[in-house]
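> Please read through the structure below; I'll follow up with questions.
Derivation of every value follows stated rules applied to the coordinates shown; laboratory data play no part. Worth saying up front: this structure is predicted, and the values here are computed from it rather than measured. Cβ: placed from backbone, ideal geometry, glycine included. Neighbour counts: every protein chain shown.
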Amino acid sequence: MRAMLIANPKATSTSRRARDLMMRAVSGDLDVDLAETGHRGHATELARRAAVERYDVVVAVGGDGTVNETVNGLLAKGPSPDLPALAVLPCGSANVFARAIGLPNDPIGATRDVLDALRAGRHRTVGLGTACHPGEAERYFTFCAGVGLDAEVVREVERRRRLVGMRADPSLYVRAAFRQFFAGTDRRHPSLTVEVPGRASISGLFLAFVSNTSPWSFLGPYPVNPSPRAQFSRGLDVFGMRSMDVAPVLGALAGMLTARSWPVRGRQVLNLHDAAEITLRADRPVAFQLDGEYLGEQETITFRSVPKAIRIVI
């Protein structure tokens with residue numbers, strides 16, 4: 001069995017340890033090739049090559065960005081049962097996808113689980129989502145997309161990391177969210193309209209989260225869960241806010257941090273469940289993020305559910 005291990009050469013000491021452990025542990029069971037990334041988008045190129053060269057397994061060592069790039073490389077020509085299976089060793093700041101599929105938020109513990117699954121031949125097929133805006137090809141996402149405030153926060157975090165080299169830990173996201181909410185985002189003029197085929201359009205939204213699974217993210221060890229019913233085996237869920245006043249936003253956030261089986265409720269909240277296709281339209285360019293990566297400002301984005309998109313080693 002051939003495996004390609006995609007890893008960042010600038011990884012942390014913990015992720016290097018996980019990578020080296022995986023290489024040593026499977027050397028007797030698998031023919032492993034180490035492929036190190038050198039630039040943004042490189043994991044996509046490597047995973048695409050792994051699919052063309054018919055590797056059996058691709059192991060993504062990194063955070064949600066590395067996983068997203070790897071998935072998009074594997075699915076460059078669409079889902080197929082002949083594609084390599086995907087294994088994930090979580091080494092990022094949030095590791096939402098890895099935790100959503102049941103891996104521990106620890107690269108060493110996750111390595112043991114992945115090795116056990118590889119040796120036992122265990123796989124799970126999960127559905128994903130795609131996002132497409134005019135002039136661009138569809139791009140897969142593994143757990144969430146966001147339009148509005150959360151994407152603005154991602155943009156600010158990426159800017160600070162680029163300028164001053166700050167680590168993307170939960171405290172940085174919280175500080176950026178407070179600054180953006182009180183001094184950055186437009187809290188007076190809602191710009192978004194949600195369109196779902198067969199339903200009346202819904203306008204007057206300030207922000208929207210599109211989820212492929214739950215939770216939407218993590219605040220350290222705590223799940224942030226606006227759409228608890230979202231799952232890999234169903235369509236897409238949408239959470240939206242009709243108001244950006246402090247009271248309803250704090251109420252919604254409290255609901256996200258305590259929600260377990262039902263979505264956040266409230267007069268200023270929108271919830272849609274299990275949609276095959278969703279289009280978000282804005283009357284002005286708004287910030288857009290996919291799996292925690294900022295992708296610029298857009299006015300129209302269409303999201304689609306892709307059932308049984310990829311095999312996961314778990």
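> Placing +1 on the Cβ of each Lys and Arg and -1 on the Cβ of each Asp and Glu in segment 1-91, which of ALA43, LEU86, LEU30 has its Cα farthest towards the positive end of the resulting dipole?
Toward the positive end, the furthest listed residue is ALA43.
> Then there is this: Could you identify which residue out of PHE141, PHE181, PHE303 has the top mean-square fluctuation in a GNM of the chain using Cα springs shorter than 10 Å?
Sorting by GNM fluctuation, first place goes to PHE181.
> Next up: With springs only between Cα atoms under 10 Å apart, run a GNM on the chain and tell me which of THR66, THR193, THR142 wobbles the most.
Maximum among the listed residues: THR193.
> Then there's this: Relative to the Cα centre, what is the charge dipole magnitude of segment 132-309, using +1 at the beta carbon of each Lys and Arg, -1 at the beta carbon of each Asp and Glu, and rounding to the nearest 20 debye? Before the final figure, lay out the partial values.
Numbers: 22 positive and 18 negative charges, 90 e Å.
Charge dipole of segment 132-309: 440 debye, to the nearest 20.
> Continuing with the same structure: Write down the Kirkwood hydrodynamic radius of segment 132-309, to one decimal in angstroms, obtained as one divided by the mean of 1/r over all alpha carbon pairs.
Numbers: mean 1/r = 0.0611 Å⁻¹.
Hydrodynamic radius (Kirkwood, Cα only) of segment 132-309 equals 16.4 Å.
> Between the helical axis of 107-120 and the dominant principal axis of the chain, each derived from Cα atoms, what acute angle in degrees is found, rounded to the nearest 10?
Between helix and principal axis, roughly 60 degrees.
> Would you kindly state how much longer the chain becomes between ASN271 and ARG40 on full extension, computed as 0.36 nm times their sequence separation minus their alpha carbon distance, in nm to one decimal? Write out the running numbers ahead of the final one.
Values: separation 231, 0.36 × 231 = 83.16 nm, distance 3.39 nm.
Residue separation times 0.36 nm, minus the Cα-Cα distance, leaves 79.8 nm.
> Something else: Within segment 270-314, list the residues whose amide N lies under 19 Å from a label point set 7 Å along Cα→Cβ of ARG119.
313-314
> For segment 90-169, what's the radius of gyration and Dmax over Cα atoms, in angstrom?
Taking only Cα atoms of segment 90-169, I get Rg and Dmax of 16.3, 45 Å.
> Next question, about the same structure. Please list 26-35, 276-285 highest first by mean number of surrounding beta-carbon atoms within 10 Å per residue.
Working: 26-35: 15.0, 276-285: 16.8.
So the peptides 26-35, 276-285, ranked by packing, come out 276-285, 26-35.
> Something else about it: Normalised radius of gyration for segment 150-240, please: alpha carbon Rg relative to 2.2 N^0.38 Å, two decimal places.
Numbers: Rg = 15.4 Å, N = 91, 2.2 N^0.38 = 12.2 Å.
Its radius of gyration relative to the 2.2 N^0.38 Å reference: 1.26.
> Quick one: divide the alpha-carbon radius of gyration of segment 14-83 by 2.2 N^0.38 Å and tell me what you get.
Details: Rg = 12.3 Å, N = 70, 2.2 N^0.38 = 11.1 Å.
Taking the Cα Rg and dividing by 2.2 N^0.38 Å, one obtains 1.11.
> On a 0 to 90 degree scale, rounded to 10, what angle separates helix 42-52 from the longest Cα axis of the chain?
60
> Kindly work out what percent of the DSSP beta bridges joining two residues of the chain are antiparallel, to the nearest 5. Mind showing how you got there, number by number?
Working: 47 of 65 bridges.
Of those bridges, close to 70 percent are antiparallel.
> Tell me, what is the percent relative contact order of segment 78-141, built from C-alpha pairs under 8 Å that lie six or more residues apart?
It comes to 20 percent, rounded to a whole number.
> Okay, next question. Suppose every Lys and Arg Cβ carries +1 and every Asp and Glu Cβ carries -1, with no other charges. What dipole size does the chain come out with about its Cα centre, to the nearest 20 debye? Kindly include the intermediate steps, with their values, before the conclusion.
Working: 39 positive and 32 negative charges, 106 e Å.
About 500 debye.
> Return the equivalent ellipsoid semi-axes of segment 203-272 as a descending list in whole Å, where each equals the square root of 5 times an eigenvalue of the C-alpha gyration tensor. Don't jump to the answer; show the numbers that get you there.
On the way: eigenvalues 69, 44, 17 Å².
Equivalent ellipsoid of segment 203-272: 19, 15, 9 Å, largest first.
> Quote the charge dipole size of segment 15-171 about the Cα centre in Debye, to the nearest 20; the model charges only the Cβ of Lys and Arg (+1) and of Asp and Glu (-1).
Working: 21 positive and 21 negative charges, 58 e Å.
Magnitude of the dipole: close to 280 debye.
> Just to be sure I follow: if Rg is taken over the C-alpha atoms of segment 2-121 and Rh is the Kirkwood radius over the same atoms, what is Rg/Rh? Before the final figure, lay out the partial values.
On the way: Rg = 12.8 Å, Rh = 13.9 Å.
Ratio of gyration radius to Kirkwood radius: 0.92.
> With the contact rule set at Cα under 8 Å and sequence spacing of 6 or more, what percent relative contact order holds for the chain?
On the way: 687 pairs, mean separation 62.7, N = 314.
20 percent.
> What percent does the relative contact order of segment 151-292 come to when contacts are Cα pairs within less than 8 Å and at least six residues apart? Before the final figure, lay out the partial values.
Numbers: 228 pairs, mean separation 34.8, N = 142.
Once normalised by length, the contact order is 24 percent.
> Could you state the angle between the C-alpha long axis of helix 64-74 and the longest principal axis of the C-alpha atoms of the chain, as a value from 0 to 90 degrees rounded to the nearest 10?
With rounding to tens, the tilt is 70 degrees.
> Another question about this same structure. Rg and Dmax of the chain, using alpha carbons, in Å: what are they?
Reported Rg and Dmax, both Å: 19.2, 61.
> Going through segment 66-161, which GluC sites (Glu not before Pro) have at most 12 other Cβ atoms within 10 Å and a DSSP loop state? Working shown, then result.
Values: sites: GLU69, GLU136, GLU138, GLU152, GLU156, GLU158; in loops: GLU136, GLU138.
Listed in order of number, the matching sites are GLU136.
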